[in-house]
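In what follows, a single structure is set out as structure tokens and then discussed.
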Amino acid sequence: MSGRKETVLDLAKFVDKGVQVKLTGGRQVVGTLKGYDQLLNLVLDEAVEHLRDADDPLKTTDQKRSLGLIVCRGTAVMLVAPTDGTDEISNPFQPDGA
């Protein structure tokens, strides 16, 4: 091995496609991936932030905030997922009566 670190995640296949990014602190952003680097800094275009509930910060609301072109710093990125091919399902571990 050359001692050079390689990124585990290959983001090249997501360039110019929709991605969902979760950041530390609970923020959640959806946009079009325009670029990235080896430190996982991401450039998103037409970014939209899903706002969280003021009473329960763990829940997102239907409210959205348009951000436009943004840079997500790599140290804050927790999750990158494609928006195409994902569906929201009900929680299979939650009892029906709750």
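Could you list all residues from the stretch 40-71 that are touching a Gly at 6+ places or on another chain (Cβ under 8 Å) and closer than 16 Å to V15 by Cα?
L40, N41, L42, V43, L44, D45, E46, A47, I70
Looking for something modelled with pLDDT under 85, β-branched (V, I, T) and open to solvent by 50 Å² or more (accessible area, probe 1.4 Å) - is there at least one such residue anywhere in the stretch 17-33?
no
Hey, any hits in the stretch 16-24 for a residue that's over 10 Å from the mean Cα position of the chain (by Cα) and without any contact (Cβ under 8 Å) to a residue 24 or more places away in the chain?
Yes: one or more hits.
Report every pair of residues separated by at least 6 positions or lying on different chains whose Cβ atoms are under 9 Å apart, first residue within the stretch 53-80 and touching a residue at least 40 places away in the same chain (Cβ under 8 Å), second among the aromatic types (F, W, Y).
Taking only residues 6 or more apart or on different chains, the pairs are V80/F14; V80/Y36.
I'm trying to understand the selection: among the residues of the stretch 46-55, which are of a type in the set (D, E) and open to solvent by less than 50 Å² (accessible area, probe 1.4 Å)?
The answer is E49, and nothing else.
Could you identify the single residue in S66, S90 that is farther than 14 Å from K22 by Cβ, over 15 Å from the mean Cα position of the chain (by Cα) and surrounded by fewer than 12 Cβ atoms within 10 Å (Cβ to Cβ)? I'd like the intermediate steps shown before the answer.
Numbers: S66 fails: over 15 Å from the mean Cα position of the chain (by Cα).
Sole residue among the options that is farther than 14 Å from K22 by Cβ, over 15 Å from the mean Cα position of the chain (by Cα) and surrounded by fewer than 12 Cβ atoms within 10 Å (Cβ to Cβ): S90.
The values are calculated or read from the model by the stated rules, or taken from the named source; none is laboratory data. These numbers were taken from a predicted model, which means no experiment stands behind them. Because the Cβ atoms are built from the backbone with ideal geometry, glycine has one as well, and the counts that use them run over all protein chains shown. All accessible areas refer to the heavy atoms of the entire protein, side chains included, with ligands and DNA or RNA removed. Shrake-Rupley method; radii C 1.70, N 1.55, O 1.52, S 1.80 Å.
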